[in-house]
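What follows is a single structure, written as structure tokens, with notes after it.
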RNA sequence: GACCCUAUCGUCUAGUCUGGUCUAGGACACAGGAUUUUCACUCCUGUAACCCGGGUUCAAAUCCCGGUGGGGUCGCCA
């Protein structure tokens, strides 16, 4: 039963990354969906840094998360970089708040201290699992009235039902869960507890998160009930998968947004690609800007099953967005991928323009444009021969090019093309191919006249000469 | 193992709620062709899927039941 999405008074969503690593691509997609839903519904967003694991959390990762989110163009209404301070948006700075609620639960006997030994618990868990039981805490400390130790929630044995906005009703048995640990000690809340308290305190209305959280939702609901908090709306997104269909977040390779950023993917391509992993507009349109998505997005069109992250399609989209860029804009983006040079800006733009149609990633420019920037080309002379041309024919062709071009005054693509075509007659390949190889040293490249114009007359003639002299 | 989620081309997906118009549509990738000196771009064409078995029905990709496959979760991580 899919629930119709009702509009509460105020829609507020959260981006809850954990700074234990670089911003993960799967996390970025989840944030994107949160962002789009908020925009679509006219709601607000809060960036909250989930660093209750102080051991693993690092400041540099917080920075990375903020930087890459900005790069993607996903902004938020409230969060840590507003005013340059983390303020109340970092869980490690909210221990007093958690403490207050923990004390409340303890006082109401809804939670209790447990000082069972960690190794013994692990042994019990393994034993239960080997006997085919759902591993859960046996309740040893439940009625001991301890005054220290970890804090456990007294979990009632009952069914917990919630309506997922994407999947419909989901029911689970809390009796299988056992009393979960909600804090290491009174000043150190754990994830489940911190999240539930924060979502309430920050007046979050909708939780949109990965499918891997479905099993956590009953815990959060139980916690809300214990604390007397109102219920929230939940939507669990299908996971992003590796080619073998396993959860992408368990992979080591390129999973950080930074990896894609550095490899020369465009944020608009990444956004467009990610949103289509689990969502579709219901029409045949596939190319969307963020602005369009903010209008088109809807949770009803979100898929239920996982989606394989297919780099080929990402590459296709990235190429598409690269081709749509203006030359000056693309040149700026390519700057860091070009080796040092002292060419005039106009020339660099021409170089970029000649490579634009061939790029899948910004980083491709390095390879694509290298012959423009090199002094001497290094290639196999055999490459100079078109079809079955022999050494002499190649030489004649190059000499002919030299002769014609030497006398050419108007050094422009069209003019160069024209005089060479006239000279070549029927056998265009016999002139254009050796000429192009002489200029580029590459099997595949932009057309020769285009390269020649960019190189300039002097360099062009020099390269022809180099090719003739080449042994 | 227990519990939960899920199931249309190799991949992302439309269609499923409201059964017929689906000889299952689009995109990526792949193959072929046109264009081009080459590559790329662009255009055209093609290959390719309803997990299986029952049932309901005049009619099922669509509804029901049962299998099977895939995934996720079972932390003093988040």
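The values are calculated or read from the model by the stated rules, or taken from the named source; none is laboratory data. Computed from a predicted structure; not experimentally measured. Glycine gets a Cβ as well: all are built from the backbone with ideal geometry, and neighbour counts include every protein chain shown.
Quick one: is residue A:289 loosely packed, with under 14 Cβ neighbours inside 10 Å and more than 7 Å from RNA strand B (Cβ to nearest atom)? Yes, satisfied.
Which one is surrounded by the most Cβ atoms within 10 Å (Cβ to Cβ) among residues in segment A:213-238 that are out of contact with any strand residue (DSSP E or B) (no Cβ under 7 Å at 6 or more places or on another chain) and either farther than 12 Å from residue A:160 by Cβ or not assigned by TED's automatic domain parsing to the domain that holds residue A:174 (or both)?
First pass over segment A:213-238, keeping only residues out of contact with any strand residue (DSSP E or B) (no Cβ under 7 Å at 6 or more places or on another chain): A:215-216, A:219-220, A:224-225, A:227-231.
From the residues that got through so far, the ones that are either farther than 12 Å from residue A:160 by Cβ or not assigned by TED's automatic domain parsing to the domain that holds residue A:174 (or both) too are A:227-230.
Numbers: A:227: 19, A:228: 11, A:229: 17, A:230: 9.
Among residues in segment A:213-238 that are out of contact with any strand residue (DSSP E or B) (no Cβ under 7 Å at 6 or more places or on another chain) and either farther than 12 Å from residue A:160 by Cβ or not assigned by TED's automatic domain parsing to the domain that holds residue A:174 (or both), the one surrounded by the most Cβ atoms within 10 Å (Cβ to Cβ) is A:227.
Remark: residue A:282 matches the filter, which requires a residue to be modelled with pLDDT under 95, more than 13 Å from the chain's Cα centre (by Cα) and either farther than 22 Å from residue A:24 by Cβ or within 12 Å of RNA strand B (Cβ to nearest atom) (or both).
Can you tell me which residue is surrounded by the most Cβ atoms within 10 Å (Cβ to Cβ) among those in segment A:183-205 that are part of a loop (DSSP other than H, G, I, E, B) and touching a strand residue (DSSP E or B) at 6+ places or on another chain (Cβ under 9 Å)?
Checked segment A:183-205; the qualifying residue surrounded by the most Cβ atoms within 10 Å (Cβ to Cβ) is A:204.
When A:428, A:457, A:442, A:395 are checked against the criterion of being surrounded by fewer than 20 Cβ atoms within 10 Å (Cβ to Cβ), touching a helix residue (DSSP H, G or I) at 6+ places or on another chain (Cβ under 8 Å), within 30 Å of residue A:259 (Cα to Cα) and outside the structural domain of residue A:332 (by TED's automatic domain parsing), A:442 stands alone in meeting it. Residue A:193 meets the conditions (1) near RNA strand B (Cβ under 8 Å from one of its atoms); (2) touching a residue at least 24 places away in the same chain (Cβ under 8 Å) in every case but one. The failed one is (1). Of the numbered criteria (1) farther than 24 Å from residue A:205 by Cα; (2) more than 7 Å from RNA strand B (Cβ to nearest atom); (3) assigned to a loop (DSSP other than H, G, I, E, B); (4) in contact (Cβ under 8 Å) with a residue 24 or more places away in the chain, the one residue A:166 fails is (1).
Being touching a residue at least 12 places away in the same chain (Cβ under 8 Å), closer than 21 Å to residue A:358 by Cα and crowded, with 18+ Cβ neighbours inside 10 Å: is that true of residue A:325 here? When the stated conditions are applied, residue A:325 passes them. For segment A:460-471, the candidate set comprises residues that are free of Cβ contacts under 8 Å to residues at least 60 places away in the same chain and surrounded by 15 or more Cβ atoms within 10 Å (Cβ to Cβ); within that set, the residue that is nearest to RNA strand B (Cβ to nearest atom) is A:460. When you scan segment A:291-320, how many residues do you find that are under 23 Å from residue A:22 (Cα atoms) and part of a helix (DSSP H, G or I)? Qualifying residue count for the region: 4. Only helices (runs of 4 or more DSSP H) whose full extent lies in segment A:49-152 are considered here, and the ones with at least 1 residues that are near RNA strand B (Cβ under 9 Å from one of its atoms) and either without any contact (Cβ under 8 Å) to a residue 60 or more places away in the chain or in the same structural domain as residue A:182 (by TED's automatic domain parsing) (or both) are A:118-130. Just so you know, in segment A:419-459 the residues that are more than 12 Å from RNA strand B (Cβ to nearest atom) and in a helix (DSSP H, G or I) include one that is farthest from residue A:390 (Cα to Cα), and it is A:454. Within segment A:356-382, the set of residues being under 26 Å from residue A:424 (Cα atoms) and either at pLDDT 95 or above or in a loop (DSSP other than H, G, I, E, B) (or both) comprises A:371, A:372, A:377, A:379, A:380.
Out of everything in segment A:228-248 that is more than 8 Å from RNA strand B (Cβ to nearest atom) and assigned to a strand (DSSP E or B), what residue ends up being farthest from residue A:210 (Cα to Cα)? Even if it seems obvious, please write down each step before you answer.
Here is the first cut: in segment A:228-248, the ones more than 8 Å from RNA strand B (Cβ to nearest atom) are A:228-235, A:237, A:240, A:242, A:248.
Narrowing the set further to residues that are assigned to a strand (DSSP E or B) leaves A:233-235, A:237, A:240.
Working: A:233: 14, A:234: 11, A:235: 8, A:237: 5, A:240: 9 Å.
Restricting to residues being more than 8 Å from RNA strand B (Cβ to nearest atom) and assigned to a strand (DSSP E or B), the top hit is A:233.
Take residue A:208 and tell me if it is in a loop (DSSP other than H, G, I, E, B), modelled with pLDDT of 95 or more and more than 12 Å from RNA strand B (Cβ to nearest atom). If you could, list the steps in order and put the result at the bottom.
On the way: in a loop (DSSP other than H, G, I, E, B): no; modelled with pLDDT of 95 or more: yes; more than 12 Å from RNA strand B (Cβ to nearest atom): yes.
The answer is no for residue A:208.
When segment A:172-182 is filtered for residues that are within 8 Å of RNA strand B (Cβ to nearest atom) and either modelled with pLDDT of 95 or more or surrounded by fewer than 20 Cβ atoms within 10 Å (Cβ to Cβ) (or both), the ones remaining, listed by number, are A:172, A:173, A:176, A:178, A:180, A:181. Of the residues making up segment A:249-278, those that are at pLDDT 95 or above, outside any helix (DSSP H, G or I) and more than 10 Å from RNA strand B (Cβ to nearest atom) are A:256, A:263, A:264, A:265, A:266. In segment A:297-309, the residues that are over 7 Å from residue A:279 (Cβ atoms) form Cβ pairs under 6 Å with partners that are assigned to a strand (DSSP E or B), at six or more places apart or across chains, as follows: A:299/A:235; A:306/A:241; A:308/A:241; A:309/A:240.
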